[in-house]
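Following: one structure in structure tokens, then a few remarks.
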Amino acid sequence: MYKIIYLNGRYMPIKEASISPLDRGFLFADGVYEHIQIYENKLFYPEKHLARLKRNLNAINIPALHSNAEWLTIFNTLIEKNHIDSGSNHIYLQVTRGADDHRAHVIPEKLTPTIFALTDISYLTKSIEGLAKGSRAVTIEDARRRDCCVKAISLLPNILARTYAVEHNATETIMLRDNLVTECASCNVFIVKNGIIMTPPLSSNILPGITRELTLELAAKNSMPYKEQPITKDELQNANEVWITSSSREIEPITTLDNKPVADGKAGPIWYKMITLYKDLY
Ligand code: PLP
């Protein structure tokens, strides 16, 4: 049975879907995307993702396209048509500027954006016990362009960074710019030092992750001290705990960094409290 996807107003088996090779997403990576978790059959904080989508579309001058209610109808129809009712899955949504009749850098005035969405299994979501085993990360220089706050589909440095991690027996890379932590190939970064949770402040250097936002909201609600402040490489290396966050990984403890244990090499107590609160959100 083929997966049902959504493409430009229609639901269809994925094998029937096609787009023009002149689509600017294909030619220029001219588009943005979202990844929204689905637990059982429910979307996880879709309104936060739709608010980010709206900001991102606006940032690259693509019109809003749909109301929140219309987007939700598309996502929920996909959930229904693909019989998603258990475990951890996600919606992948990609919007590109669309296809012109020739290839030219300058953005044409009137194009119909291409809207593509599908459901897929979230392979990375693990139980608390699974996450508590810890993960390995390696550091690299952040080679990306400056506007990393837009969730753009131009992910070449990110895929190279993730591949570098896997080649070095790690699950993620933690990227640094001018000796300061930015984020990972597809996660945000937190450290804990002397009981204080810290994460780099929002800037054009990082994606405003929804999981980052939820983690900070949980810290505030539960009187867990936290700061949004720049983190140096030295602070990262000497942290009591290092976490990476994303919709699919949730909050994952990094217990080995550049082949050295983070503190005692075990997932820490503040991570344990935070992941327990996070899992209670769904
Ligand atoms: N940073 C980058 C570069 C990402 O690609 C992602 C997710 O794909 C994140 C951070 C985490 O964002 P979220 O928590 O919204 O999944």
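Summary of values
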| item | result |
| --- | --- |
| Relative contact order, percent, the chain [alpha-carbon distance under 8 Å, six or more residues apart] | 18 |
| Helix 269-279 axis, angle to the chain major axis (alpha carbon atoms, nearest 10°) | 30 |
| Antiparallel bridge percentage (DSSP; both residues within the stretch 128-279; nearest 5) | 65 |
| Distance cut-off 17 Å, percentage of C-alpha pairs in the stretch 179-254 lying past it | 37 |
| Acute angle (nearest 10 degrees) that the helix 156-167 long axis makes with the longest principal axis of the chain, alpha-carbon atoms | 50 |
| Karplus-derived 3J(HN,Hα), 6.51/-1.76/1.60, for each residue of the stretch 229-238, Hz, glycine and proline x | 8, x, 10, 7, 4, 4, 5, 4, 5, 9 |
| Cα centroid separation, the stretch 103-133 to the stretch 264-280 (Å) | 27 |
| C-alpha center-to-center spacing [the stretch 144-164, the stretch 185-229] in angstrom | 20 |
| Prolate/oblate/rounded label for the stretch 1-48 (Cα gyration tensor, a/c 1.5) | oblate |
| Gyration tensor verdict on the stretch 1-110 (Cα atoms; rounded if a/c is under 1.5, prolate if a/b is larger than b/c, oblate otherwise) | oblate |
| Modelled label reach - residue 179, point 7 Å along Cα→Cβ, the stretch 233-275 residues with backbone N closer than 11 Å | 233-235 |
| Order by protection proxy (mean Cβ within 10 Å, highest first), peptides 80-93, 187-200 | 187-200, 80-93 |
| At R0 = 25 Å, FRET efficiency that the Cβ-Cβ distance of residue 81 and residue 123 yields, to 0.05 | 0.70 |
| Accessible surface of the chain, 1.4 Å probe, proportion on carbon and sulfur as whole % | 54 |
| Label-point separation, residue 109 to residue 8 (7 Å along Cα→Cβ), nm | 2.2 |
| Rounded to whole Hz, the Karplus (6.51, -1.76, 1.60) HN-Hα couplings of the stretch 169-178, x for glycine and proline | 6, 10, 9, 8, 9, 9, 9, 10, 10, 6 |
| Electrostatic dipole magnitude of the stretch 4-121 [Cβ: Lys, Arg +1; Asp, Glu -1; Cα centre; debye, to 20] | 220 |
| Beta bridges per DSSP with both ends in the chain, % antiparallel, nearest 5 | 80 |
| Kirkwood Rh, angstrom, the chain [1 / mean 1/r, Cα pairs] | 19.9 |
| Overall form of the stretch 140-268 per C-alpha gyration tensor (a/c, 1.5; a/b vs b/c) | oblate |
| Percent RCO, i.e. relative contact order, over the stretch 51-158, from Cα pairs under 8 Å lying at least 6 residues apart | 24 |
| Long-range HN-HN contacts of residue 31 with modeled amide H, under 5 Å | 153, 154 |
| Mean accessible surface per residue for the stretch 90-206, computed with a 1.4 Å probe while every protein chain stays in place, in Å² | 48 |
| Cα-based helix-to-principal-axis angle, 68-81 vs the chain, degrees rounded to 10 | 90 |
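The values are calculated or read from the model by the stated rules, or taken from the named source; none is laboratory data. Every value quoted in this text rests on a predicted model; they were computed, and no experiment measured them. Reconstructed Cβ throughout: ideal geometry from the backbone, glycine too, with neighbour counts over all protein chains shown. We work out accessible area using only protein heavy atoms, side chains counted, and drop any ligands, DNA or RNA first. Shrake-Rupley method; radii C 1.70, N 1.55, O 1.52, S 1.80 Å.
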